[in-house]
Each structure stands twice: as C-alpha cells, then as structure tokens.
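The values are calculated or read from the model by the stated rules, or taken from the named source; none is laboratory data. Values in this document were obtained by computation on a predicted structure and should not be read as measured data. Please note: Cβ atoms are built from the backbone with ideal geometry, for glycine as well, and neighbour counts cover all protein chains shown. Calculation scope for accessible area: heavy atoms of the full protein, side chains included, ligands and nucleic acids excluded. Shrake-Rupley method; radii C 1.70, N 1.55, O 1.52, S 1.80 Å.
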Amino acid sequence: MNILLHQFEFSHFNDKARWALNFKNVEHERRSYLPGPHMPAIKKLAGSSQTPVLQIGDEIVAGSAGIIDRLETAYPDPALYPADPELRAEALELQAEFDKHVGPATRTVLFNELVNEGSYLCAMFARKASRPRQILYRATFPLARGLIAKGNGTTDPENVQRCTALVDSTLDSVYQRVANTGYMVGDCFSVADLTAAALLAPLANPQHPDMARPQPVPESVAKLLANYQNHPTIAWVGEMYERHRS
Ligand SMILES: N[C@@H](CCC(=O)N[C@@H](CS)C(=O)NCC(=O)O)C(=O)O
C-alpha cells in the first residue's frame, strides 16, 4: 500500500503526523508544499486547505488527530493510545485541547516575529524546493505577507497577547502534569505527549532533522525564543523528541 504524507516542512501540526508515522515505523513518502501556493492542490485532495493530509492508496485522511487515529487502527503496535479506557479518554481530550487552542497559539506567537523575517520564513518552508521556486517564493512574499499574518492571527495585537498568555500558562501546566512520571497521562509515552511536544516544538527547536530550524536564526526570533529557553517544559519537549521521536 502506498502511503504519502502531504505536508509543510517544519510545521508543528505536520510534525504530529510525521512523528506518529515514524513512531510506528510506517514506510511512507512525503510531498512538501509551499504554504500559500499549496491551496488548490490540498483543497482538491482533502476538501480543505489544511495540512497534514495522509493518502493511503486512494483513501484520504485529513488532520493530524485523524491521521494518528487511522494509524493507531492500522498499526496498533507500538501504541500511542493508552490501553486503559480512562487514560485513553484523558489523552485524547488533551490532544483535542492542544489541537484547538495551544497549536494555533504557539504558531501566532512565533509568526508574530516570522512575518517580519521574510527571507528566513521563506527559507524554512522552501528548503527542499528547487532554486527557481525558492527565488519565486521569496520574490512574491511581500504580496502574501498580509494574508500570512492574518492567517496566523498576528494582525490583532490583543490576539497575540491572548496567545502569549495561553502559551505561558500551558508551559506551566505541562510542567505540573509531567512532574510525577515524566508523561502527561499515566506513566508512559502517549498521543498526549506527542501532541504537547510537537505543538510546543516551535518554541523549543528540538534537534530532529524534521524540526531543527535553519541557522542562523534572526535576532528577533532568537530574542523571542530566549524568553522560553529556561522553562523546564521546553527541556521536557527536547527530551520527548530525543527519547521518542525516531
Ligand atoms: N487541526 C488541524 C490543524 C492543521 C493546521 O493548522 N495546518 C496548518 C499548518 S500548521 C495549515 O495547513 N495551514 C494552511 C491552511 O490552512 O491553508 C490538524 O490537527 O491537522
């Protein structure tokens, strides 16, 4: 069966899907799209323009949670869902909460700086594109900048403030949650840890080839990341990547 992940480079929701595929040793290919120009192709494929989208033969599965659920059914071992029904429900609830609120908030906080760093932003997402596509992407960025800012919630300063506060409180609550066992739910790695670590990863810069940022990082972004660097949850994110992200 041919399995193809339609993805953006780096993107944290996409890394949820990549992580699940790698964790379960699922052989697959990846097709990277440039944010913006991706729209017609992904819409045609999945009905909405959001990535990630997993194609399994003719079957289309859209969204990171749906992809993980599909993989859990097809490849139950190693499991990402806790065996205990109560813990499983808790892990899935945490995933839903992070997908709905924390993932978008992390993105807003980071994009609030990235939209002012066109060359860096384009280099991140187009790193695997051909040279002519990279040049074209960078050249058209000023036209797309407004849409990118709006799409990532950075045009409304109050929203940026709300997202910053949510990220801060999430970092504290994750730290409290993992204090006993090192994991979000129960005492082993689950979809809850994968989700929390992947969706906070843009603030942690884990050293995995799929997520390690191009260097050097612009000063404005480095300054933002420095605010988070010493939070113990950021160290926990790095640890989850090191221990469980193959
Ligand atoms: N809830 C979705 C969120 C996916 C999402 O926000 N994807 C972003 C990239 S991080 C995207 O594709 N944005 C472009 C668009 O919506 O057209 C999931 O879990 O997969």
Being under 17 Å from Arg243 (Cβ atoms), in contact with a His (Cβ under 6 Å, 6 or more places away or on another chain) and of a type outside the set (Val, Ile, Thr) narrows it down to one residue among Ala212, Ala198; which is it? Ala198
For segment 127-151, which residues satisfy the criterion of being out of contact with any Asp or Glu (no Cβ under 8 Å at 6 or more places or on another chain) and either open to solvent by less than 50 Å² (accessible area, probe 1.4 Å) or assigned to a loop (DSSP other than H, G, I, E, B) (or both)? Ala129, Ser130, Gln134, Tyr137, Phe141, Ala144, Gly146, Ile148, Ala149
Could you check segment 14-35 and list, in sequence order, the residues that are of a type in the set (A, V, I, L, M) and under 10 Å from the mean Cα position of the chain (by Cα)? Ala17
Hey, can you tell me all the residues within segment 183-203 that are touching a residue at least 40 places away in the same chain (Cβ under 8 Å) and more than 14 Å from the chain's Cα centre (by Cα)? Met184, Val185, Gly186, Cys188, Phe189, Ser190
Scan of segment 23-56 for residues that are of a type in the set (S, T, N, Q) and more than 16 Å from the ligand (Cβ to nearest atom), ordered by number: Asn25
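Results for (1) in contact with a His (Cβ under 8 Å, 6 or more places away or on another chain); (2) open to solvent by 50 Å² or more (accessible area, probe 1.4 Å), shown as yes or no for each residue.
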residue	(1), (2)
Ser11	no, no
Asn25	no, yes
Ile42	yes, no
Tyr81	no, no
Arg88	no, yes
Leu92	no, yes
Thr106	yes, no
Inspect segment 161-170 for any residue being open to solvent by less than 20 Å² (accessible area, probe 1.4 Å), over 10 Å from Val102 (Cβ atoms) and either within 12 Å of the chain's Cα centre (by Cα) or not basic (Lys, Arg) (or both) and give the result as yes or no. no
Please find, among Glu86, Glu97, Glu59, Glu9, the residue that is acidic (Asp, Glu), within 15 Å of the ligand (Cβ to nearest atom) and over 13 Å from the mean Cα position of the chain (by Cα). Glu97
Please work out which residue is least open to solvent (accessible area, probe 1.4 Å), limiting yourself to segment 62-79 and to residues that are hydrophobic (A, V, I, L, M, F, W, C) and more than 11 Å from the ligand (Cβ to nearest atom). Leu71
